[in-house]
Amino acid sequence: MILKFESTALGYNFSMLRLGINIIGIPLIAFIINLFLKEEDREKIYQLAQEKNI
């Protein structure tokens with residue numbers, strides 16, 4: 001729905017470019033963050049997620 005609105009407001013080419021960048025960029029950012037996290041930080045994140053039922 002948002003993609004349809006964005007393509008009508010900003011243009012099809014821009015919307016497809018942004019979608020492609022997001023599809024590649026979000027997993028890339030997650031991978032980079034994961035590389036820099038220490039094991040205890042990773043465990044703390046998982047622990048907090050379980051406490052909040054995420």
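The values are calculated or read from the model by the stated rules, or taken from the named source; none is laboratory data. What you are looking at is a predicted structure, and each value in this text was computed from that prediction instead of being measured. When we count neighbours, we look across all protein chains shown, and the Cβ atoms used for this are built from the backbone with ideal geometry, even at glycine. To get the accessible areas, we keep the full protein, side chains included, count just its heavy atoms, and leave off ligands, DNA and RNA. Shrake-Rupley method; radii C 1.70, N 1.55, O 1.52, S 1.80 Å.
A few points about this structure:
- Dipole of the chain [Lys/Arg +1, Asp/Glu -1 at C-beta], most positive-end residue of LEU10, LEU35, ILE54: LEU10
- The range 3-54, accessible surface, carbon-and-sulfur percent (1.4 angstrom probe): 68
- Solvent exposure of the chain as accessible area per residue, Å², 1.4 Å probe: 94
- Distant alpha-carbon pairs in the chain (separation over 15 angstrom), percent: 64
- The label point for LYS38 and the one for LEU10, both projected 7 Å from the Cα toward the Cβ, are 3.8 nm apart.
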